[in-house]
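Student: This is the structure, below, for whatever I ask next.
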Amino acid sequence: DSQIKLRGQRIELAEISAVLAEASGVSEAVVVVRGDGDTARLVGYLVLAPDAASVGGDDLSAVFDHARDRLPAYMIPPDLVVLDEMPTTVNGKLDVAALPEPDVVETEFRAPRTRWEQLVADILGDVLGRPRVGLDDDFFTLGGNSLLATQVAARLAARTGRGVTVRIVFDNPVVEQLAAQLEADPELTD
């Protein structure tokens, strides 16, 4: 059984693995959870097809795009690791313990630029207990879950005087995306 609960969401690891394996240039994929508690995160491990010259290295954008088209944001692993082959035990099963830790690349902090971006960053920071939230920060990666998404939606609705739903938060988990959605939709902006 590969179903887990991560940040309040039920997630089927095999489903995510299957979606990643369907991406162009990927021959094999597996998704595991690394860390625990607030640091728990999904990590995808990929073996590329021999003819997959266009995929790999630092450019896994096509795989991420494929996943975004087929999975909700909270099910997309923020880290993808390319392997030459999947490690196996002597019995031929996946050796999860032998999967390497992903290299964590710190992204440059981009501060909010507009009042909408600042509003979203402030509310996410308050709800998640984070002193600094930037444009590229993802609600779920920072520790958000469905209960906290309800709080974010309620606070955004109260501050804007408009109907902001939990679905909007789920569909736009990155600060810049959520702010753009709020600004672009006349039903949500003032």
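Student: Where the centre of each part is set by its Cα atoms, how far does the range 1-34 sit from the range 108-154, in angstrom?
Tutor: Answer, in whole Å: 25.
Student: Only bridges with both residues in the chain count here: give the DSSP antiparallel percent, nearest 5.
Tutor: Details: 15 of 20 bridges.
Percentage antiparallel, nearest 5: 75.
Student: Over the chain, give the accessible area per residue in Å² for a 1.4 Å probe, as an integer.
Tutor: Working: 10470 Å² over 190 residues.
It amounts to 55 Å² per residue over the chain.
Student: Of the accessible area of the chain, with the probe set at 1.4 angstrom, what percent is carbon plus sulfur? Working shown, then result.
Tutor: Numbers: 4850 of 10470 Å².
Looking at the chain in its full context, I get 46 percent from C and S.
Student: For the chain, what is the relative contact order in percent, using Cα pairs closer than 8 Å and at least 6 residues apart in sequence?
Tutor: Working: 279 pairs, mean separation 32.2, N = 190.
Computed value for the chain: 17 percent relative contact order.
The values are calculated or read from the model by the stated rules, or taken from the named source; none is laboratory data. For clarity, every value in this text was computed on a predicted model and none was experimentally measured. Calculation scope for accessible area: heavy atoms of the full protein, side chains included, ligands and nucleic acids excluded. Shrake-Rupley method; radii C 1.70, N 1.55, O 1.52, S 1.80 Å.
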